[in-house]
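The values are calculated or read from the model by the stated rules, or taken from the named source; none is laboratory data. From a predicted model like this one, the values you see are computed outputs, not experimental measurements. Neighbour counts are summed over all protein chains in view; Cβ atoms, including those assigned to glycine, are modelled from backbone coordinates with ideal geometry. Protein only, heavy atoms only, side chains kept; ligands, DNA and RNA dropped before computing areas. Shrake-Rupley method; radii C 1.70, N 1.55, O 1.52, S 1.80 Å.
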Amino acid sequence: MAVVFVAEVLVFAPIDRPLKYTIPEALCSAILPGSLVHITVGKVKKMGLVCRIHHIDPQSLTYTLKSIISMIYDIPITHEILIQFYFWIAKYYVCDLFSVIDTAIPNVIRKNIPLKLIPYLQLSTPVCTSIDPKKCPKQYEALEFLKQNPYLLKNKFLERFSRNILDTLLQRNAVYETFQREERIAYTRSDLIHPQHHPIQLTAEQWQVVHSVNESLDQRTFNVHLLHGVTGSGKTEVYIKLIERVIREGGSVLYLLPELALTAQIVEKIRSRLEGLTVWVWHSSLSDGERRDTWFGALNHTATVIVGARSALFLPLNHLRLIIVDEEHEFAYKQNETPRYHGRDAAIYRAKLHGATCLLGSATPSVESIFNTRFKNYKLETLPHRIDHRPLPLVHIVDMRYEPQGHYGVLSRLLVEKMKTCLEKKEQIILFLNRRGYATTILCKSCDFIASCPHCSVPLTFHKTIRQFLCHFCSYQEQPHTQCPQCGSPEIFYRGIGTQKIEQITQNLFLNACVARIDSDVMGKKHKFIHILNDFRSGKIDILVGTQMIAKGLDFPNVTLVGLINADGALNQQDFRANEKTFQLLVQVAGRSGRGDHGGEVVLQTHIPNNETIFLAKNADFNAFIDRELSLRQHFAYPPYRHIIHCNISGTHLEATEVFAKESFIKQLREVFAEDTLHTEIRGPMTSPIEKIQDRYRYFVLIFTRNISKTCKKIYDFSHQIHIPQGIFLSIDVDALDFV
Ligand code: ADP
Ligand code: ZN
Ligand code: ZN
């Protein structure tokens, strides 16, 4: 019986389900799930990803299908298991499949950019030409040189001989040109990293963790372990030991990090411990070539290690057996645009699909993960001590209410004193402040004017380096005012402190010290931050000022003092996770101190010294913190006791947006859940904490639920059925972390 092959294709265009196409006979054996193909939608040529293939009796086809036009690569570019993963993300995070594949298969893969081919010269054998050394001495010399080096980098040849000589030799068939493929692997340029090679012996505590995770690896079934190891307890070495084992057995490892700034350090460490192993890197700031080669490196090799950002979760590794989620508590794992997936939670699901082990690690695990060790079958591993039983740093709390005004600006007397001593001892300092820029408020002394963004309801920040007022939400820029635009007064004042100002105050205070700054303003410049981190490591920089980018993970043994300029920052927010964020941040930043042989100290500046979270963070009392936090969350039925889905309704027209949010949206949403009030609670709509961003007015609704998959399904259907007027936008964030 004749059959036709029909492919279901996910199209790179806003279409929410796969479309069916017939596969031309010539391509029947080549096209598989995971193949990238060209098709037409309407009359337009598009690209798509084959997700399923059916063999169909042509009689049963009641309508004619279009045919696939061509393939982009001659092999599938991803695995079937990843296609299941895309479907899961779309379902769980209530978004269209299109947005998932758009993220999962980046442009560099769709573009099919060329391989990197390095030209070589190969001597013809037997040597088929002879050159008279008297007539053509240079050509003779070149040929002799090639006889010594019968396979030579073309560039090496051209360093010594001219292109004319080469052309003559090519014409005479004395040599021919060949190409060797080179895989572009990030962070191999030697100027970017300083490998350190001192072999170490794991401690008994570290071995215990390794053994426990090994048991799961032995079983080859899905398991989740949470490694709670205090800062400086040697978690990275545990990861490396496990990587070594998986690689030895031919499996692959995915190592996820929440922050680009951490990548180089980790990659360097794994490479120096596991010599000869290729460690691939994946994040958005790499070159197209590096990204292309990492993707195909994953596809073509076994026993690969990839260190990357959350989007590395979509890489098609073979025999994936271990996923490490480092700093698993980090909010940066959540993508803040559609698809709004959480890197950690998606990693766990991906591990499940592969029957692999997922290892989450942190010095301050998330409330969710701890909950899962208590009430689900995540296995808790602990490293309660620092390496060599180095003490955790001594934390001093400074009550900023009693600091004399204007003394050293925002640096307390104690902090300045300790900085002096530290610099005298040639030790290093980190100053942490979670606000970039110079001044965070710009105001007029005569009237009530505050410079704010015309597109967002937030104040502008003054950035001294670029001499601009800047909006941190939409990047709007404005020339600094010399007089008040409202009343004309020349008395414009800058208030509030950002990292640029701390950098300046510090430099003025310690003229002989070398001060540098790391925040996202610096990050924009490629490799600059790697150079700064390198200079800090080598001791060229004495004081490093930075935002959350330097808060975690980094290991600088000579840092003995950390100053937390404003410990209260996150506590003012209207967010039920404010305590958790603050506790994690304070403990993590403090953990950068005293990691080497000298003890460490921390000066924590606060206006609310009696706050319980600050007190618990001072003592790094994780267990007390978690117990308190879990009981609060249980009392209010907040996550992890229920899931939260955040619906953001925004629109350019204030009144229309408000009417839609408060009438048709909420009414219809309540109808959907009318029979499910036992498991689902709806709150809102309310005006968002930031009322306007990028000229859109914003409202939000929260859905609390105990039955997440059922609720997601209902919301998905609802979001496709509800009529959303023009100019109004609905975005849905499942397990939201950010409520601005
Ligand atoms: P964590 O990730 O838990 O904060 P790291 O893995 O960065 O800690 O380790 C802290 C420091 O201790 C690093 O400099 C690391 O090289 C060192 N270290 C880790 N394990 C050992 C060990 N078993 N013996 C000696 N030094 C170790
Ligand atoms: Zn004014
Ligand atoms: Zn703005």
Task: Whole-number percent relative contact order across region 318-411, with pairs defined as alpha carbons under 8 Å at least 6 apart - done: 28 percent
TODO: Report, for the chain, the % of DSSP beta bridges that are antiparallel, rounded to 5.
DONE: 55 percent
Task: Area accessible to solvent at HIS385, 1.4 Å probe radius, in Å² - done: 70 Å²
Open item on the list: So, taking all protein chains as they sit and a 1.4 Å probe, how much accessible area belongs to TRP207, in Å² rounded to tens?
Closed with: 90 Å²
- [ ] Report, in whole Å, the centroid distance computed from the Cα atoms of region 567-608 and region 67-138.
- [x] 45 Å
- [ ] Determine one quarter of the surface area of the Cα convex hull of region 643-734, which equals its mean projected area, and express it in nm² to one decimal.
- [x] 5.4 nm²
TODO: Whenever you get a sec, line up TYR63, TYR73, TYR408 from highest to lowest accessible area (probe 1.4 Å, protein heavy atoms).
DONE: TYR63, TYR408, TYR73
Open item on the list: Once you order the gyration tensor axes a ≥ b ≥ c over the Cα atoms, which shape class does region 425-543 get: rounded for a/c under 1.5, otherwise prolate or oblate by comparing a/b with b/c?
Closed with: prolate
Open item on the list: At 1.4 Å probe size, what's the solvent-accessible area of THR382? Round to the nearest 10 Å².
Closed with: 70 Å²
TODO: Could you rank PHE449, PHE222 by how accessible they are, 1.4 Å probe, largest area first?
DONE: PHE222, PHE449
Open item on the list: How large is the convex hull of the C-alpha atoms of the chain per residue, in Å³?
Closed with: 239 Å³
Task: Geometric extent, Cα atoms of region 204-387 - Rg, Dmax (angstrom) - done: 15.1, 45
TODO: Just the ratio, please: alpha-carbon radius of gyration of region 4-110 over 2.2 N^0.38 Å, N its number of residues.
DONE: 1.03
TODO: Would you mind counting up the charge near THR441? Only other residues with Cβ under 13 Å from its Cβ, with Lys and Arg at +1 and Asp and Glu at -1.
DONE: +3
TODO: For every other residue with a beta carbon closer than 13 angstrom to the beta carbon of HIS54, add +1 if it is Lys or Arg and -1 if Asp or Glu, then tell me the sum.
DONE: 0
Task: Helix-only CD estimate at 222 nm, as mean residue ellipticity for the chain, using -39500 (n - 2.57) per DSSP H run (n ≥ 4) - done: -9000 deg cm²/dmol
TODO: Take the solvent-accessible surface of the protein heavy atoms, probe 1.4 Å, and return the percent of it on the chain that carbon and sulfur atoms account for.
DONE: 50 percent
Task: Local electrostatic count at TRP282 - Lys and Arg +1, Asp and Glu -1, tallied over other residues with Cβ under 15 Å - done: -1
Open item on the list: Heavy atoms only, 1.4 Å probe, whole protein assembly: order TYR638, TYR239 by accessible area, highest first.
Closed with: TYR638, TYR239
Open item on the list: Beyond a 29 Å Cα-Cα separation, which of these cross-linked pairs lie in this structure: LYS376/LYS710; LYS111/LYS241; LYS352/LYS710; LYS241/LYS425?
Closed with: LYS111/LYS241; LYS241/LYS425
Task: the chain - accessible surface per residue (Å², probe 1.4 Å) - done: 45 Å²
